[in-house]
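The values are calculated or read from the model by the stated rules, or taken from the named source; none is laboratory data. The model shown is predicted, which means the values in this text are computed figures rather than measured ones. Every residue, glycine among them, receives a Cβ derived from its backbone with ideal geometry; neighbour counts consider all protein chains shown. Quick note on the areas: whole protein, heavy atoms, side chains included, nothing else; ligands and nucleic acids left out. Shrake-Rupley method; radii C 1.70, N 1.55, O 1.52, S 1.80 Å.
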Amino acid sequence: MSDTTARIDKWLWAARIFKTRSIAADACKNGRVTVEGTNVKPSRTVKPGDVVSVKKPPVVYSFKVLKPIEQRVGAKLLAEIYENVTDPKQYEILEMSRISGFVDRARGTGRPTKKDRRAIDAFAEPVMFGFDDDDDFLFDDEDDD
């Protein structure tokens, strides 16, 4: 590779946009990364001036490449690597999703909510199953003659 270009998957990892290179490559393969509005493969090269857009639902982040690097750098040096040109409306969307709570959590996944837990406790309550104080099961058809 020359000094003026870098693979997009390596650049995304080196610029700390993705935690690992394989996650960056998967994002490219799944159409979540575009350069100048075009979906790209992980092997696509970027050069200074390219605008890279990354979809991390619910937001689309945009970065202008200042330096195409393939070696990971410290967080303090990121200002030299890219310029964040993300539309402010995207950050409003992000803030709205934070305020509204569990946007992406499908019903029934993850930990039970307080309401779910109370429903579970009410269902498992021994009184509902007809136990008396001595933990003996009560039958409706018992005759006390």
### Query
Considering only protein heavy atoms and a 1.4 Å probe, what is the carbon-and-sulfur percentage of the accessible area of segment 1-122?
54
### Message
Taking 41 Å as R0, compute the FRET efficiency from the Cβ-Cβ separation of GLU83 and ALA124 and round it to 0.05.
### Response
0.15
### Query
So which trypsin sites (Lys or Arg not before Pro) in segment 14-49 are both in a DSSP loop and have at most 12 other Cβ atoms within 10 Å of their Cβ?
LYS19
### Message
Just to confirm the filter: which GluC sites (Glu not before Pro) across segment 58-100 are DSSP coil and have at most 15 other Cβ within 10 angstrom of their Cβ?
### Response
GLU70
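Check each of the trypsin sites (Lys or Arg not before Pro) in segment 50-96 and keep only those in coil by DSSP with at most 16 other C-beta atoms within 10 angstrom; list them in order. Don't jump to the answer; show the numbers that get you there.
Numbers: sites: LYS55, LYS64, ARG72, LYS76, LYS89; in loops: ARG72.
For trypsin sites (Lys or Arg not before Pro) across segment 50-96 that sit outside H, G, I, E and B with at most 16 neighbouring Cβ atoms in 10 Å, the list reads ARG72.
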### 1.4 Å probe accessible area per residue over segment 1-54, in Å²
51
## Note on the structure
In whole angstrom, the spacing between the Cα centers of segment 37-72 and segment 4-18 equals 7
### Task
Once every Cα of segment 1-64 carries one equal point scatterer and solvent is ignored, give the base-10 log of I(q)/I(0) from the Debye formula at q = 0.18, 0.21, 0.22, 0.25 Å⁻¹, two decimals.
-0.54, -0.75, -0.83, -1.10
## Note on the structure
Two pseudo-spin positions, 7 Å from Cα along C-beta at LYS56 and at ARG16, lie apart in nanometres by 1.2
